[in-house]
Structures are given as structure tokens and as C-alpha cells.
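Take a look at the structure set out below.
The values are calculated or read from the model by the stated rules, or taken from the named source; none is laboratory data. Just so it is clear, the model here is predicted, and its values are computed rather than measured. Cβ sites come from the backbone with ideal geometry, for glycine too, and all protein chains shown count toward neighbours. Side chains included, ligands, DNA and RNA excluded: accessible areas come from the protein's heavy atoms. Shrake-Rupley method; radii C 1.70, N 1.55, O 1.52, S 1.80 Å.
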Amino acid sequence: MIIAKSRKDLDRMREVGELIAEVRETLRSMIEPGISTLELNEVAEKMIRKRGAIPTFVGYKPYGMTPFPFAICASVNEQVVHGFSNKTPLKNGDIVSLDMAATYNGFVGDTAFTAPVGEISDDLKQLLKVTEECLLLGIEQSRVGNKVGDIGYAVQTHAEKYGYGIVRDYTGHGIGRNMHEAPQIANYGRPGTREKIRAGYCFAIEPMINMGTHETKTLDDKWTVVTKDGKASAHFEHTIAILETGPEILTLTKEQKAKQNKGKTEKVAG
Ligand code: MF3
Ligand code: CO
Ligand code: CO
């Protein structure tokens, strides 16, 4: 069952969305050659707890899995998702995907991005750009009257133009009081298929796009997902709410929201 959120629920989703977006931007500003993912994890965990929230990933334990041991997932280069933080310094030319979530007042916000470390190759730049575009195109389809398959179709169509592999083993999801709620939101699909999208639904849209094959495998740590061919992978995620008027991105900072509103007023004024 897909849970439609009440107006009060949506306000709480907005609060936790903004909170985790602030964490995301703090981490983004810290990424440079020499810093380790363990340092980034510690900053994230402290920041989340300081604001009275819970790092949702710590101890997260899907059925049959070992509990996840960190506040963030940190996945470098060929790592797709669910990477463990460690002390190895990030180096110039790497890419790093950071995924994070917080629970606050009973609701969850979930967001991820992939960032360059120092100067990266043009191929990697394109992978990051296209994956973020896939996210925005997926969000654009998240409207009352559309279906979940429309989201996957938009993501897939864009990624395939570049010959990228679309990860199939992991998907986006509904989100609310739980991090993972129905429906699953695949990053591929056919238009007009799957569940109807209704007002009040909250989704985490999260394309995971590979430079090479779409196939993945899991490392011996039981969590870290890597590409089968060892080629790079990128991941961008926002938590959004479906309003009658269209999608609202919940995982934006105050600053990012202000910028968005300024753009809207200027368009109206102009
Ligand atoms: N944040 C992931 C997602 O976007 C889930 C991570 S689960 C964890 O859905 F246990 F690895 F933290
Ligand atoms: Co996530
Ligand atoms: Co998610």
C-alpha cells in the first residue's frame, strides 16, 4: 500500500528534508583530495545528532542482512551504493557518491549525490552530469495523473542516449515514516505502466547509472555494491512530495529553496 501524506505529515517531511539537505551541502563543501570518507561520515553523524535527529542508516537491517554500520553510504569510483566509510584519503580524479538519511519527528529524508574529487576526466564529468539530469527528469514525471513507469522511462531514455548501464538491482522508493515504503521506483520502465501517482505521495527518486555494464555484485562485507566490470558509477537522489500542482523537492537547503523561488518570481515578473 502506498501511504499518502497529510498536510501535517508533509510539513514534517519538509523539515527533515531541509535538515538532511544541509548535511549534504556541508559534506559537499568538504570533498577534496586527502579527506577520507570516515571523516565525512563523522561530520554527518555529528551534524544529524546535534539537530536532534537520528542517522537512519546506522543499524539499518533489512531482513537477512547485517546491520549497516555508518551514518552515510560512501561509494568511490566503481562502487555503486552502500559503500563503507574508511580512512583511505580520497585522491585527485576519484568520484565519490555520498548517500545519507535522517529521521526527525518520525519522518525520513533521504538524499545522495556524486562529487568529483579534485579534477576528474571529461568522461566522468559527463557521467555525473547525465545522472543528475536523469534525477531531474524523473522528478519532472512525478505528477498526479502519471504512473510510476513514466519516471523510469524518463530516466532510462536519457541514460541510454549515452550508452550507460542503468542499475536494475536497486531502485528508488516511497518514503515517509519509514525510509523504504511502497512503491519501488525502478530507473527503467515503460510509460503508462505501474502504480498511479497521487497527491500526498512522497518518493525517493535515485538513478544509479554506470559507465559500462548495468550489472552489479556485492563485496564480502555483504553491503558494498560494485559494478561487475569495475567501471565507474554515479548516484543522485532527492526526496520529493507529489502536490496537486506538481513535484516539490523536499531535500533542498533553505538557501536552495530561496534561489528556486527567486527564479519563479523573476519568470512571472519578466
Ligand atoms: N539510502 C539508501 C537508499 O537510498 C539505503 C541505504 S541503506 C543502508 O534507499 F543501510 F545502507 F544505509
Ligand atoms: Co539514499
Ligand atoms: Co533512497
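Here's a check for you: in the range 43-59, which residue that is open to solvent by 70 Å² or more (accessible area, probe 1.4 Å) and in contact (Cβ under 8 Å) with a residue 12 or more places away in the chain is nearest to ligand 2 (Cβ to nearest atom)?
The selected residue is Ile54.
Against the conditions (1) away from ligand 2 (no atom under 15 Å from the Cβ); (2) within 22 Å of Thr111 (Cβ to Cβ); (3) open to solvent by less than 70 Å² (accessible area, probe 1.4 Å), where does Arg177 fall short? Just the number, please.
Result: Arg177 fails condition (3) only.
Exactly one condition in (1) under 17 Å from Leu136 (Cβ atoms); (2) under 15 Å from the mean Cα position of the chain (by Cα) is false for Thr171; which is it?
Only one criterion is unmet by Thr171, namely (1).
How about the range 109-127: which of its residues are of a type outside the set (Phe, Trp, Tyr) and within 13 Å of the chain's Cα centre (by Cα)?
Once the filter is applied, which keeps residues that are of a type outside the set (Phe, Trp, Tyr) and within 13 Å of the chain's Cα centre (by Cα), the range 109-127 yields Gly109, Asp110, Thr111, Ala112, Thr114, Ala115.
Check off (1) touching a Phe, Trp or Tyr at 6+ places or on another chain (Cβ under 7 Å); (2) buried (at least 16 other Cβ atoms within 10 Å of the Cβ); (3) closer than 30 Å to Gly200 by Cα for Ala4 and give me the number that stays unchecked.
(2)
Against the conditions (1) open to solvent by less than 10 Å² (accessible area, probe 1.4 Å); (2) within 16 Å of ligand 2 (Cβ to nearest atom), where does His82 fall short? Just the number, please.
In the conditions (1) open to solvent by less than 10 Å² (accessible area, probe 1.4 Å); (2) within 16 Å of ligand 2 (Cβ to nearest atom), His82 misses (1) alone.
Rundown of residues vs (1) within 16 Å of ligand 3 (Cβ to nearest atom); (2) of a type in the set (Asp, Glu), yes/no style:
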{"site": "Ile20", "(1), (2)": "yes, no"}
{"site": "Glu25", "(1), (2)": "no, yes"}
{"site": "Ser36", "(1), (2)": "no, no"}
{"site": "Thr66", "(1), (2)": "no, no"}
{"site": "Ser75", "(1), (2)": "yes, no"}
{"site": "His82", "(1), (2)": "yes, no"}
{"site": "Lys91", "(1), (2)": "no, no"}
{"site": "Thr103", "(1), (2)": "yes, no"}
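For the range 97-119, check the following and say yes or no: at least one residue is crowded, with 23+ Cβ neighbours inside 10 Å and away from ligand 2 (no atom under 16 Å from the Cβ).
Within the range 97-119, none of the residues are crowded, with 23+ Cβ neighbours inside 10 Å and away from ligand 2 (no atom under 16 Å from the Cβ).
Which condition from (1) free of Cβ contacts under 8 Å to residues at least 60 places away in the same chain; (2) crowded, with 16+ Cβ neighbours inside 10 Å; (3) more than 30 Å from Arg51 (Cα to Cα); (4) not small (Gly, Ala, Ser) is the one that Thr171 breaks?
(3)
Among the strands (runs of 3 or more DSSP E) lying completely within the range 218-263, list those that include at least 3 residues that are among the hydrophobic types (A, V, I, L, M, F, W, C).
The qualifying strands (runs of 3 or more DSSP E) are 238-243.
Evaluate the range 254-262: report whether one residue or more is open to solvent by 20 Å² or more (accessible area, probe 1.4 Å), in contact (Cβ under 8 Å) with a residue 12 or more places away in the chain, in contact with an Asp or Glu (Cβ under 7 Å, 6 or more places away or on another chain) and not hydroxyl-bearing (Ser, Thr, Tyr).
yes
Within the range 57-74, how many residues are farther than 15 Å from Leu219 by Cα and touching a helix residue (DSSP H, G or I) at 6+ places or on another chain (Cβ under 7 Å)?
Number satisfying all stated conditions: 3.
State which residue pairs qualify: first residue without any contact (Cβ under 8 Å) to a residue 40 or more places away in the chain and inside the range 27-42, second residue open to solvent by 20 Å² or more (accessible area, probe 1.4 Å) and among the β-branched types (Val, Ile, Thr) in any location, beta carbons under 7 Å apart, and separation of 6 or more residues or different chains.
Hits for this filter: Met30/Val43.
Across the range 19-37, what is the total count of residues that are open to solvent by 40 Å² or more (accessible area, probe 1.4 Å) and of a type outside the set (Lys, Arg)?
8
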